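The values are calculated or read from the model by the stated rules, or taken from the named source; none is laboratory data. Small disclaimer: the values here were computed from a predicted structure and weren't measured. Note: ideal-geometry Cβ built from the backbone for every residue, glycine included; neighbour counts use all protein chains shown.
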């Protein structure tokens, strides 16, 4: 019996270590920007603590993901006609392979949001991508395409950004925004469509309408192990069953544009609209919880929000697009403080790793903060080459991987 318990403990420790060492998805191992990483650098520049730097074939806003000795990143070529998944060697940044899907649709986007803004996701065996109108695909770690599914054309003047999510044996994608908006789930091994749910209330009447959701669904697991995915949509926040796509609960109060991911704190969810739209928090439940569960609503005078925040000890920390950081109390919605970090804009999401908050801006500066609900507590500001940066960093085993519009960087404390 003792030998069995010892084996279980060893297994759990190994499993935890493996998870902590990988950054397998947009926003990390839990999809919320929080990870058990240690030993990360707090100081770097264009010529300090850069282990390697490699050129990229085109600009992009997606985030790299990391598994073991591989780094995966999406990007587009030929004005979006070719949608790629690239694989790099973690040790030196060498590109190991690049696989492509052709997009024949005349898909539009904004110049600030190049095609392939969606980040990949991996389970350690396969890598999954959503390339907008080019479809959803799975690859093995050697670049062999395992399956491909066409999900139709998607048209919005600002393009798309939501990333695939893995839940058990399913790959789930929030497809949109624009003239079509839907949720769809595929069997991750075969690519077979398991369910599809149209979202007519999230659709635009025309491609230029200011309406839609760019967020990625976030997994919430309750104390009994029940799973739901949480997603902000125009006008409402939903919690839906990943097995069926059906609503478990909804909360009204959001406005027409939602760029950020929802933030989960126990049984409370915080959601924020963009373009000066509403923010709210609600307690999850069953059915429409607007009256029974909504804790607070900020309906007016909100900043533009594109990057997502992070929850630490009951407080939301977020860098809004104008360069102003906020701290908000989850339960009450009270704004504890708001301070300008930079005159430059930021589309990047906040991460909480190694006891610190990391967030870049579009000028290639990364701000490192100590989470402090009483005041802005800035530890360091680190700048690369001033290259346009709208993707968020990935953190893994003491290294930071950051993508600008020109390069992929590996940042690591130099060993002297």
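Worth pointing out:
- For the criterion of being in a loop (DSSP other than H, G, I, E, B), in contact (Cβ under 8 Å) with a residue 24 or more places away in the chain and under 20 Å from residue 126 (Cα atoms), residue 31 passes.
- Residue in region 320-342 that is closer than 20 Å to residue 50 by Cβ and buried (at least 24 other Cβ atoms within 10 Å of the Cβ) present: no
- Residue in region 288-306 that is surrounded by fewer than 18 Cβ atoms within 10 Å (Cβ to Cβ) and in contact (Cβ under 8 Å) with a residue 60 or more places away in the chain present: no
- Selection status of residue 265, in contact (Cβ under 8 Å) with a residue 24 or more places away in the chain and either out of contact with any strand residue (DSSP E or B) (no Cβ under 8 Å at 6 or more places or on another chain) or buried (at least 19 other Cβ atoms within 10 Å of the Cβ) (or both): no
- Unique match (being farther than 25 Å from residue 317 by Cβ, outside the structural domain of residue 140 (by TED's automatic domain parsing) and in contact with a strand residue (DSSP E or B) (Cβ under 9 Å, 6 or more places away or on another chain)) among 283, 197, 252, 192: 252
- Count - residues of region 123-151 that are outside any loop (DSSP other than H, G, I, E, B) and surrounded by 16 or more Cβ atoms within 10 Å (Cβ to Cβ): 15
- Screening region 312-416 for strands (runs of 3 or more DSSP E) wholly inside it with 2 or more residues that are within 28 Å of residue 21 (Cβ to Cβ) and either touching a strand residue (DSSP E or B) at 6+ places or on another chain (Cβ under 7 Å) or modelled with pLDDT of 95 or more (or both) returns the ranges 315-319, 351-353, 356-360, 365-369, 378-383, 394-396, 399-403, 407-412.
- One residue alone among 158, 147 is without any contact (Cβ under 8 Å) to a residue 60 or more places away in the chain and farther than 24 Å from residue 203 by Cβ, and that residue is 147.
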